[in-house]
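Quick notes on the structure that follows.
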Amino acid sequence: MTQTPKSNLVPIFILGVLFFIFGFVTWLNGTLIQYLKIACELNTFQSLLVAFAFYISYFVMALPSSWVLQKTGFKKGMVLGLLVMAVGALLFIPAANTRTYELFLLGLFVIGTGLSVLQTASNPYITIVGPIESAAARISVMVICNKVAGVLAPIILGAIVLSDADVLVKELQQLDEAQKIIRLDELASRVIFPYTMMAVALVVLAIMVRFSPLPEIE
């Protein structure tokens, strides 16, 4: 069995973290749909646009991602993708403070835009950060990182923002308009901390990638 050289462990670790992020950010959408439906008082159609705003960015950025990477290179492209995602996460702060549905959608679109650039740039690295004969094993590890994140994401965000969702929905039906607004504002504010932490983590990871030993792809 081919051993992975120690010099490749850091790049593989960074790629594993990136693939964890892919899964984590993507699978947050399911929890966000229910969260925003309550916090922003959305109907069914509006709540489904939450996922649409995220995934439409993949379609919009399909061709522009290649152009961006031609200009920046793959390594700097990953840094750019992470920073764009951080900006999208920070948009959740004013969105939550004002309970503005459209700002939430914009934040999701920006996150999806950064993620599409990041994925386009990072996928080729899986095969070049080690021996070609062990590429399949590295891909398997990345898939595991992605799936683990997909399991954890809704559990973590759900525990923060929707831990008392059923009780809250019943409570809102009994409140007058002024009390209802106060309660919904409190619910909206719950998303600020996790998305602020996400933005910080993305910026830190962008710095790690920038100064990492990941080779540039020609």
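The values are calculated or read from the model by the stated rules, or taken from the named source; none is laboratory data. Keep in mind the model is a prediction, meaning the values are calculated, not measured. Please note: Cβ atoms are built from the backbone with ideal geometry, for glycine as well, and neighbour counts cover all protein chains shown. SASA here: full protein model, heavy atoms, side chains in, ligands and nucleic acids out. Shrake-Rupley method; radii C 1.70, N 1.55, O 1.52, S 1.80 Å.
For every helix of n ≥ 4 consecutive DSSP H residues, a contribution of -39,500 (n - 2.57) applies; sum these over the chain, divide by its total residues, and give [θ] at 222 nm rounded to the nearest 500 deg cm²/dmol.
So the helix-based figure for the chain works out to -27000 deg cm²/dmol.
Could you order the peptides 104-113, 207-216, 164-173, 22-31 from most to least packed, using the average number of other C-beta atoms within 10 Å per residue?
104-113, 22-31, 207-216, 164-173
So how do PHE59, PHE19, PHE52 rank on accessible area, 1.4 Å probe, biggest first, that is with the largest at the start?
Greatest to least solvent exposure: PHE59, PHE52, PHE19.
Can you give the accessible area of GLU186, probe radius 1.4 Å, in Å² rounded to 10?
Probe radius 1.4 Å; accessible area of GLU186 about 70 Å².
Show which aspartates and glutamates lie in cross-link reach of LYS75 when reach means a straight Cα distance below 18 angstrom and same-chain residues fewer than eight apart are skipped.
Within the straight-line limit of under 18 Å, LYS75 reaches these aspartates and glutamates: GLU216, GLU218.
Which log10 I(q)/I(0) values does the chain give at q = 0.12, 0.13, 0.16, 0.17 Å⁻¹ under the Debye formula, counting every alpha carbon as one identical point scatterer?
Results for the chain at q = 0.12, 0.13, 0.16, 0.17 Å⁻¹ read -0.66, -0.76, -1.04, -1.14.
Where is the GNM fluctuation largest for the chain (alpha-carbon springs, 10 angstrom cutoff): LEU15, LEU184, LEU63?
The residue with the greatest mean-square fluctuation here is LEU63.
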